[in-house]
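The values are calculated or read from the model by the stated rules, or taken from the named source; none is laboratory data. Small disclaimer: the values here were computed from a predicted structure and weren't measured. For neighbour counting, all protein chains shown are included, and Cβ atoms are generated from backbone atoms with ideal geometry for every residue, glycine included. Quick note on the areas: whole protein, heavy atoms, side chains included, nothing else; ligands and nucleic acids left out. Shrake-Rupley method; radii C 1.70, N 1.55, O 1.52, S 1.80 Å.
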Amino acid sequence: MSVTEDGRSDADHLRHTAAHVLAHAVVDLYGDSVKLAIGPAIENGFYYDFLKSPPFVPEDLPAIEARMREIIRSDARMTGKPIARAEAEAHYRKLDQPFKLDILAGIPDGEPLTMYTIGTFTDLCRGGHVERASEVGAFKLLSIAGAYWRGDERNPMLQRIYGTAFATQAELDAYLLQLEEAEKRDHRRLGKELDLFSIEEQAGPGLIFWHPAGGRVRAVIEEFLRGELRRRGYEPVFTPHVVREELYRTSGHLETFSENMFGPLEVDEEHYRVKPMNCPGHILIYQSRPRSYRDLPLRLAEFGTVYRAERSGTLLGLLRVRMVTMDDAHLFVTPDQLEAEFANTVDAALTVLRAFKFDEYKMYVATKPENALGDDPLWERATKAIIAACDRAGLKYEIDEGGGAFYGPKLDIKVRDAIGREWQLSTVQVDFNLPARFKLTYTGPDGTEHQPVMIHRALCGSLERFMGVLIEHYAGAFPAWLAPVQAVVLPIGEDQVPYAERVAASLASAGFRIELDRSNERLQKKIRNQQLRKVPYMLVVGKSEVSEGKVNVRSRSGEQQSMTAEAFAVKLAEEVAAKA
Ligand SMILES: [Zn+2]
Ligand SMILES: [Zn+2]
């Protein structure tokens, strides 16, 4: 199965063409009264946005698919033709297509416009197609969803028809199977069922409330990460969530990132901002005293929650949120230290990812773009340091030539989850820009001032998104070291409750997350309830267990074993230590 990267792969071309075929079929079936918006290729598929009255219903999809199949069978050619702006406007005014006119109005004067025709359907488009309809291969329409025009809730709500397309039927079938599995693992549903987190309407979209069960998992993850960071010479820091706006003028965020920032807050007639990034705060700590080369590398780490005003239409459970807790760190290093720091960071990323049973990685190195900042030798040195770190870790990498940010090269690590989906988690970004903007210096061995290089790095990315990925990766069945409740003691009858209480108390005092099920349900029902909560172990206690001083251990997978509570504690401790 192919997964689209950014840019324009063959898969992108065939999917984007499928979007044209979809619009063609819709116009054929429902006429020109349907308003057309946009139809791009997306990861694993495509969509087209329409405004139709009465709205589409899911029962419409088979007929649209059938018409699409006819268009594909006719093997229409895709042909492009330049068009003058006035002509394009007249065309869409005549057809009464307000969204197309809006798109035209947004294209700067002088930019060439093209109309692409496939079969009898013509659409304003920048291109990026396959040549013939038959190349669309195997496709399927998946769903209809609401989508605001331009993702803005002040605009009309359109209907987005999603589809997917692959070169072969076998690839399509594999993908549909994966989708079915993903549906079962949807973190939004599991989050509710397992009472892990919620998004509260009263508080606002994209803001996450961690409930006790989810809070426990997150606390375990944070403890694990803190331990890794301590071992690797990071220093924990904490920085304010609200600071003077001026700081983001110096950092440049106000200029380049302001549309993602929450608006100004006024205090003492001054403007403050909620932080969109942790970097400026860490820079102020660096700058709070003179630094010598002996202080470097300085590694400042913070689980820093930043706030981003993402458009409400783009928010998605834990995966796309407005509060983003980065497992953030900034490394201030001398150019000589770049290679060792990269090796340390890559090693840390792999240690962390492996602990969560992500065993397949892809590394992407983004190199110097055209309009880069910073001198060539430094770029070359930093890029070589990244590649050397990948080589040293024995990892394969792809080079995205010229794909780096203007301020420094970058390493992205993508992982494959339990059902084969790729997720971008770790990022290591070199930055020559912020040290220059803040005029950071350190005194070198030669007694003169030098500029340090800064590295932004996140191992998990954001903890919200990481938890979302983990819930789906594990299908909500967290391994014992992460599970909110590691074991539940189930007394069969009232008589066994005192013994069960002693077992639960001794395990809890040993530091395990233990519960006692005191409900009056029958044993089968109690077991069923704990299975639904995906608790790793149930410790069933009946008459014979009490008399023998044992517990009957039932694992989540259904295995049973009788042992003493002490022996179970040893087994559980071993699993936790091994992160099994
Ligand atoms: Zn197109
Ligand atoms: Zn940063």
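Each label point was placed 7 Å from the Cα along the Cα-to-Cβ direction; for LYS384 and ASN520 their separation is 7.7 nm.
Accessible surface computed residue by residue for the chain, with neighbouring protein chains in place and a 1.4 Å probe, gives 47 Å² per residue. The HN-Hα couplings worked out from phi for segment 198-210 by the Karplus form 6.51 cos²θ - 1.76 cosθ + 1.60 (θ = phi - 60°) are 8, 10, 9, 3, 4, 8, x, x, x, 10, 9, 10, 8 Hz, whole numbers, x standing for Gly and Pro. Classify segment 85-206 as rounded, prolate or oblate, taking a ≥ b ≥ c as the square roots of the eigenvalues of its Cα gyration tensor: rounded when a/c is under 1.5, otherwise prolate if a/b is larger than b/c and oblate if not. Because a/c hits 1.5 or more and a/b fails to exceed b/c, segment 85-206 counts as oblate. Note on segment 186-234: percent of Cα-Cα distances in each 5 Å bin, starting at 0 and stopping at the bin with the largest distance, equals 5, 20, 19, 19, 14, 11, 9, 4, 1. Computed over segment 160-253, relative contact order equals 12 percent, with contacts defined as Cα pairs under 8 Å that lie 6+ residues apart. A Förster distance of 41 Å, applied to the separation of the beta-carbon atoms of ASP75 and ASN260, puts the FRET efficiency at 0.40. Seen from ALA25, the other residues with C-beta closer than 10 Å to its C-beta sum to a net charge of -1, counting Lys and Arg as +1 and Asp and Glu as -1.
The Cα trace of segment 458-580 gives Rg and Dmax of 15.3, 53 Å, the first to one decimal, the second as a whole number. For segment 318-412, the fraction of alpha-carbon pairs lying more than 22 Å apart is 35 percent, rounded to a whole number. In percent, how large is the relative contact order of segment 337-427, given Cα pairs closer than 8 Å and 6 or more residues apart? Answer for segment 337-427 is 38 percent. Computed from the alpha carbon atoms alone, the convex hull of the chain holds 205 Å³ per residue.
By how many nm would the segment from GLU559 to ARG226 lengthen if fully extended, with 0.36 nm per residue of separation less the alpha-carbon distance?
116.5 nm
Extending 7 Å from Cα along the Cβ direction at ALA203 and again at SER292 yields two label points whose distance is 4.7 nm.
Net charge near ASN278, counting Lys/Arg +1 and Asp/Glu -1 over other residues with Cβ under 9 Å of its Cβ?
-1
Whole-Å semi-axes of segment 244-311's equivalent ellipsoid, largest first, each the root of 5 times a Cα gyration tensor eigenvalue?
So the equivalent ellipsoid measures 26, 14, 10 Å along its semi-axes.
If you take the square roots of the eigenvalues of the alpha-carbon gyration tensor of segment 132-183 and sort them as a ≥ b ≥ c, do you get rounded (a/c under 1.5), prolate (a/b over b/c) or oblate? The shape class here is oblate. Overall, the ratio between the Cα radius of gyration of segment 237-374 and 2.2 N^0.38 Å, rounded to two decimals, is 1.23.
If you take the square roots of the eigenvalues of the alpha-carbon gyration tensor of segment 473-530 and sort them as a ≥ b ≥ c, do you get rounded (a/c under 1.5), prolate (a/b over b/c) or oblate?
It is oblate, given that a/c is not under 1.5 and a/b is not larger than b/c.
Please report the base-10 log of the normalised intensity I(q)/I(0) for segment 180-298, using a Debye sum with one equal scatterer per alpha carbon and no solvent, at each q in 0.10, 0.16 (1/Å). For segment 180-298 at q = 0.10, 0.16 Å⁻¹, log10 I(q)/I(0) is -0.53, -1.07. Taking 19 Å as the cut-off, the amide N atoms of segment 430-452 that come nearer than this to a point 7 Å along the Cα-to-beta-carbon line of ASP376 belong to 432. Of the solvent-accessible surface of the chain, computed with a 1.4 Å probe and all protein chains present, 51% belongs to carbon and sulfur. Annotation: amide H of TRP481 within the under-5 Å range of ALA580, sequence separation 5 or more or interchain, hydrogens built in the peptide plane.
Each distinct pair of alpha carbons in segment 7-86 adds a 1/r term; the inverse of their mean, the Kirkwood radius, is 13.8 Å. Segment 420-495 and segment 526-580 have Cα centres separated by 32 Å.
Over segment 57-144, all Cα pairs binned in 5 Å intervals from 0 give whole-percent P(r) values of 3, 12, 19, 18, 17, 17, 11, 3, 0, listed from short to long. Volume of the convex hull of segment 94-151 (Cα atoms only), normalised per residue: 145 Å³. Measuring with a 1.4 angstrom probe and ignoring ligands and nucleic acids, CYS125 comes out at about 20 Å² accessible. Every Cα-Cα pair of segment 164-203 was included, and the share exceeding 14 Å stands at 61 percent. Computed from the Cβ-Cβ distance with R0 of 41 Å, the FRET efficiency linking ALA219 to THR443 stands at 0.50. Among the protein heavy atoms, those of VAL576 account for about 40 Å² of accessible surface (1.4 Å probe, every chain in place).
Taking GluC sites (Glu not before Pro) in DSSP loop states with no more than 10 other Cβ atoms inside 10 Å as exposed sites, the chain has its longest site-free stretch at 1-199. Entry note, the chain: the mean residue ellipticity at 222 nm calculated from DSSP H runs of n ≥ 4, each adding -39500 (n - 2.57), is -11000 deg cm²/dmol after division by the residues and rounding to the nearest 500.
Counting only whole DSSP H helices of the chain, the ones at least 27 Å long by C-alpha along their axis and with mean Kyte-Doolittle hydropathy no lower than 0.0 are 10-30. For segment 363-414, dividing the convex hull volume of the Cα atoms by the residue count gives 58 Å³ per residue. Distance from the C-alpha centroid of segment 308-385 to that of segment 36-107: 38 Å, rounded to the whole angstrom. With a Förster radius of 45 Å applied to the C-beta separation of ALA170 and LEU315, the computed FRET efficiency comes to 0.85.
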